[in-house]
Amino acid sequence: MDIYVYCNPLCHHLVRFLLLLYLCINSSTGVKSCMEEERRALLTFKQHLTDPSGSKFSSWVGHECCRWRGISCNNRTGHVSKLDLRNTYTYSEYQSWNYTEYDQSFLSGKVNPSLLALKHLTYLDLSANEFQEIHIPNFIGQLTSLRYLNLSYSNFSGEIPPSLGNLSNLNYLDLYSNDYRGVSSKNLNWLSHLSSLKYLNLGGVNLSSTGVSWLHHVNMLPSLLELHLSKCQIDGNQLPLSLDTVNLTSLLVLDISENYYLINSSFPSWFFNLSNLVELVLHGNVLSDPFLNNFTSLKSLEHLDLSSCELQGQLIPKLVGNLCKLKSLNLGSNILDGAGVSEFMTGFSNCSYNRMESLDLSRNSLWGSIPDSIGNLSSLKKLDLSGNRMNGSIPESLGQLSQLVDLDLSWDPLSPYDSYNHTNRWRGILTESHFINLTRLESFKVSTERPMSLIFNMAYDWIPPFKLHTIYIENCRVGPAFPVWLQSQTQLVDVTLRNTGISDTIPEDWFTMLSSRVRILDLTYNQVRGKFPFQHSNAPVLEELFLSDNHLEGTIPPSIHDMKYMSIISLRNNRLTGEFPSAWSLWGNIMIVDVANNNLSGSIPSSMGIPSSLYVLKMNNNNFGGEIPFSLQNCSQLTDIDLGGNKLTGKLPSWIGSKLLQLRILQLRSNFLSGHIPKQLCNLQGIHILDLGHNNFSGTIPTCLNNMTSLVFGWQSGWIGYRSYYEETTIISKGTELEYSNGNDRWNLMQVTSIDLSSNSLQGEVPKEICSLIALGTLNLSRNQLTGKIPSMIGNLTQLETVDLSHNYLSGEIPQSISSLNFLSHLNLSCNNLSGRIPTGNQLQTLDDPSIYQGNPSLCGFPLNKCPGDDIPSEQPHQAEDGKDHENDNGKLGFYTSAVLGFVIGFWGVCGALILKRSWRYAYFQFFDNMKDKVALAIALKIARYQREV
């Protein structure tokens, strides 16, 4: 391009200098005008994709496509060489999670063939997006310049196109499928053509139909350094025991995790010829002892993951001792219950001590205490002993691990239902010596089974040498005050101090410093006093707030809704007053709201249903009034609702049964609700607790209750775990209030099945359809106006433990089938119009309290008075004072009495008649005389015949 400048010679030199500088800068930064054909191709590609966030394509304007986000050009030629549109919205332990932003971060749509115009493209990354099960495009196999291809975690489906075998320059191929219905392959012939491949990830790709051919094709990749075959449904029984040639000798990383039955006792020997392996991941397979014996040949191993492999026995310590280069060992989630941690420490050789950086023995059943020799692992950065059965004191030698970053001595929060085998039992005292050299510690977790058996006893003014990001302490004594050492931790992101004996107000200065960065705050089961926190502090990234079971007072400030990342708020069992803030729409991520057992008042906010992410709503035992908000119907994922113990009015909305189809628990007892029970409730197939007691409902009980299939077949939808949130629910059962929970050391809430419609004004009969609810444990229909008979098939409810039909107008006999309820421990049929004999037998014989049946004048039988015509007393048999059973004696006495009476009656019945009646007496004796003559004659004839024969 010609440039004409009118100026003196000095000006000419200056212009030339600036032009050269401009060209140099452009050349050095690689910024060139992209090829027009490639720019148009990129715009066409963009038009077929959806970008909800707008962030991916916001810069795709103008002619300088090399400046667009995700686009890189070759510095020399100017051709587009790199297209990187991976979804970078990933989870970080110390970063708040916004579900709305996450959902909008995915690209979706169609991958347009216009990319074929990018003939110099060497790098293509579309990973972690949402392509809605479309097939991997065949045309990608024509992008022959590709060296890097990543389509992982993008929800592609169907057969892997064989055309990928044309990418002979490919060094990196990642097709990981995160959907079990996703990518599959019946033939991997194309794979053997990728001779330059160094990285291959087919994780999640179904290889079950390829037989053993996948191995032969993978074995033809001599340059391969990393191989990932996780969740590929590989059958180990199909693997050849030997290979003529093993070309994978350069392999450094092998991941064949979660193929479950891949490993067996006859696992192929060629596997152990991979002597250069540095990292081996076998997580989620079933390993045998013979297999473990061969590990000694893998001398180069630095990282070994044997978690969730059903390992047991004593081989592991010996195995570890022979792997001198080992840096990380994961044995979590096995069955290692035959040895203590001491055995593991003694199994390590000196070389292992010097190199070990990560040791994970979590979720086993290891017993014993931590040996003092733990301090010899001088390079250790991570130590996880959580979820075992360890006991004793924690050694001070832990304080010598100067490289330690992550220390976990807690129970297992992932297994609340099997806590006995996964709960450590620490005791003793922790002092400054336990932490003296832990200058790099960032995460510290400890908990113990027996509350307060482990005590933190530091000097009042002690300042730790570390700055923690995560602290988790449960059932250990830290209080009564918030100690100075804890207040010195101002970099905390996750804070859990559950049941730590703290009886104090939250230090304002410390809390102010934390509030701007804290993501999880859990102070449950303490005696924290004072006003609700965050009155003036801002918590912009707070996600989970647990302040339950404390002594907090005052109101919940409106500013709580400014915490836009909030997903769990649990404030139950405090002394909070005032109204609940109404701006629910600002909570885009809210999943759990539990403010039960406070003194909150006002109406339940009408904006409640705007964030449709809600799963659990518990606002019971407050003073809320008004109606159930209509907007709640938008929360289609709701599983648990408890609004009982308030002052709610109006009708029970029918949309609960048509919109909230995921409900498992619906508790509205002790309100002022009225109207009929809508039949739409029968659509709640997953319901297992329905409590509408103590309201003003009228009409009849719906006859469609047998549509509640969870109560018919006994299946329960699995509990969705929310970290440390333990739901608590009170059920009226067995004549009393019982508290259930899904947390540690509580009754399993998910096993409770109950229908309670008591204390209403329900009329009509008890529907016979209720007898189909075989899995029902509690049935309470008491204090209504029910009429008719008790359903004759009530005995079908074989799991019933509680039946209360008292204070109604039921009539007729008690069905005999009720005696077949073998688990029945509480029965109340009092104050009805029942009649006839009380059934007996089986479990009923143990329910001997007469009040069960009182108020039914026409009932009789045990344990009431005997029925008319009964000859046997109603009392049960009992033993004599001397302890001997006289039941047999009584039986003999009855027999002898009957015999004597029979003899007397028979004797005088015959003889008396002969004495009083002369004609009968003459006939009687004449009959015997005739009989005598006939018998004598018969005998004489027999003798004469016998003599003749002789």
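The values are calculated or read from the model by the stated rules, or taken from the named source; none is laboratory data. Treat the numbers as computed from the prediction; the structure is a model and nothing was measured. Cβ atoms come from the backbone with ideal geometry, glycine included; neighbour counts cover every protein chain shown.
Of all residues being outside any loop (DSSP other than H, G, I, E, B) and among the acidic types (Asp, Glu) in region 530-580, which is surrounded by the most Cβ atoms within 10 Å (Cβ to Cβ)? Just the residue, please.
GLU544
Out of SER806, SER819, SER830, I need the residue that is part of a helix (DSSP H, G or I), under 30 Å from VAL712 (Cα atoms) and at pLDDT 90 or above. Which one?
Just one listed residue meets the conditions, SER819.
Can you tell me how many residues in region 833-856 are part of a strand (DSSP E or B) and aliphatic (A, V, I, L, M)?
1
Starting from region 154-172, keep only residues that are under 19 Å from ASN129 (Cα atoms), then list their pairs with residues that are in a helix (DSSP H, G or I) whose Cβ atoms are within a distance under 8 Å, requiring at least 6 positions of separation or different chains.
Here the result reads ILE160/TRP190, each pair linking region 154-172 to a residue that is in a helix (DSSP H, G or I).
Where the second residue is surrounded by 18 or more Cβ atoms within 10 Å (Cβ to Cβ) and not in a strand (DSSP E or B) and the first is small (Gly, Ala, Ser) and lies in region 428-444, which pairs have Cβ atoms under 8 Å and are six or more apart or on separate chains?
What qualifies is GLY428/ILE394; SER433/GLY399; SER443/VAL405; SER443/LEU468; SER443/HIS469.
Tell me which strands (runs of 3 or more DSSP E) are completely within region 258-373 and hold 2 or more residues being closer than 30 Å to ARG427 by Cα and modelled with pLDDT of 80 or more, or say none if there are none.
It comes to 328-330, 358-360.
Only one of ASN573, ASN598, ASN621 is within 30 Å of GLN685 (Cβ to Cβ) and not charged (D, E, K, R); which?
Only one candidate qualifies: ASN621.
Scan ILE790, ILE770, ILE755 and give me the residue that is in contact with a Leu (Cβ under 7 Å, 6 or more places away or on another chain), assigned to a loop (DSSP other than H, G, I, E, B), buried (at least 16 other Cβ atoms within 10 Å of the Cβ) and not aromatic (Phe, Trp, Tyr).
So the residue among ILE790, ILE770, ILE755 that is in contact with a Leu (Cβ under 7 Å, 6 or more places away or on another chain), assigned to a loop (DSSP other than H, G, I, E, B), buried (at least 16 other Cβ atoms within 10 Å of the Cβ) and not aromatic (Phe, Trp, Tyr) is ILE790.
Cβ-Cβ below 7 Å, separation at least six or inter-chain, first residue in region 728-756 and modelled with pLDDT under 85, second among the aromatic types (Phe, Trp, Tyr) and not in a strand (DSSP E or B): which pairs?
TYR740/TRP747; SER741/TYR726; SER741/TRP747; ASN742/TRP719; ASN742/TYR726; GLY743/TYR726; ASN748/TYR417; MET750/TRP719
Going through THR44, THR100 one at a time, which residue ends up being out of contact with any strand residue (DSSP E or B) (no Cβ under 6 Å at 6 or more places or on another chain), at pLDDT 95 or above and not small (Gly, Ala, Ser)?
None of the others qualify; the one that does is THR44.
The rows are residues; the columns are (1) touching a strand residue (DSSP E or B) at 6+ places or on another chain (Cβ under 7 Å); (2) closer than 14 Å to LEU810 by Cβ.
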position	(1), (2)
CYS831	no, yes
LEU834	yes, yes
ARG837	yes, no
ASP849	no, no
TYR853	yes, yes
PRO868	no, no
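Limited to region 535-585, what total is found for residues that are without any contact (Cβ under 8 Å) to a residue 40 or more places away in the chain and in contact with a Lys or Arg (Cβ under 6 Å, 6 or more places away or on another chain)?
Counting residues in region 535-585 that are without any contact (Cβ under 8 Å) to a residue 40 or more places away in the chain and in contact with a Lys or Arg (Cβ under 6 Å, 6 or more places away or on another chain) gives 3.
Can you find a residue in region 131-144 that is surrounded by 15 or more Cβ atoms within 10 Å (Cβ to Cβ), of a type in the set (Ser, Thr, Tyr), touching a residue at least 24 places away in the same chain (Cβ under 8 Å) and in contact with a Leu (Cβ under 9 Å, 6 or more places away or on another chain)?
no
Have a look at LEU779, LEU762 and point out the one that is more than 12 Å from ILE701 (Cα to Cα), in contact with a strand residue (DSSP E or B) (Cβ under 9 Å, 6 or more places away or on another chain) and not in a helix (DSSP H, G or I).
Only one candidate passes the filter, namely LEU779.
Which of the residues that make up region 135-177 are under 20 Å from GLY109 (Cα atoms), assigned to a loop (DSSP other than H, G, I, E, B) and either basic (Lys, Arg) or within 31 Å of the chain's Cα centre (by Cα) (or both)?
Within region 135-177, LEU151, SER152, TYR153, SER154, ASN155, PHE156, LEU175, TYR176, SER177 qualify.
Return the total of residues in region 593-638 being buried (at least 20 other Cβ atoms within 10 Å of the Cβ), part of a loop (DSSP other than H, G, I, E, B) and in contact with a Lys or Arg (Cβ under 8 Å, 6 or more places away or on another chain).
Within region 593-638, residues that are buried (at least 20 other Cβ atoms within 10 Å of the Cβ), part of a loop (DSSP other than H, G, I, E, B) and in contact with a Lys or Arg (Cβ under 8 Å, 6 or more places away or on another chain) number 4.
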